[in-house]
Amino acid sequence: MGTRAFGSGSYAILSDRVNVYLTGVWDYHRCHGIMRKKRQPTRPGEILREGFLLPLGMTQKDLADHLGCEVKVINRLVNGRTSVSAEMALKLGATFRTSPEFWLNAQKAVDLFRATASVSKLPPPVLKAS
């Protein structure tokens, strides 16, 4: 798919491809009282690169120009050196006809995975189940 258009035809193809990145992420097992994922979720930057930029033939500079930001912002996102902000999620959602929640949920999954790796044990609940 060599087109740079953001039409509904391109989006329909891309949405199926992006769904592949999100499957298999929610496979949990118990370890030390914390629900842990068996594998790290796909980073939003990887989804951006593999699911959108490469299929559309866009460069990071093309996207940066389209979004009105510096190339280094896109490069940091693609290379996993920064997180997706709410503002960036809005811009990416509008650009690729996805929801901002798509990008924020992908970031949240990565953040929670990293947090569970650094927390050895969670405190007990304050309330008892009824």
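Derivation of every value follows stated rules applied to the coordinates shown; laboratory data play no part. The structure presented is a predicted model; accordingly, all values stated were derived computationally and were not measured. Glycine gets a Cβ as well: all are built from the backbone with ideal geometry, and neighbour counts include every protein chain shown.
Here are the numbers:
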{"quantity": "Cα shape, region 40-92, gyration tensor, a/c 1.5 rule", "calculated": "oblate"}
{"quantity": "Computed E for THR82/ALA129 - FRET, C-beta separation, R0 35 angstrom, nearest 0.05", "calculated": "0.35"}
{"quantity": "Net lengthening on full extension, LYS121/ASP65 (0.36 nm per residue, minus Cα-Cα)", "calculated": "15.7 nm"}
{"quantity": "Cα-Cα P(r), region 56-118, percent of pairs per 10 Å interval", "calculated": "21, 52, 22, 5"}
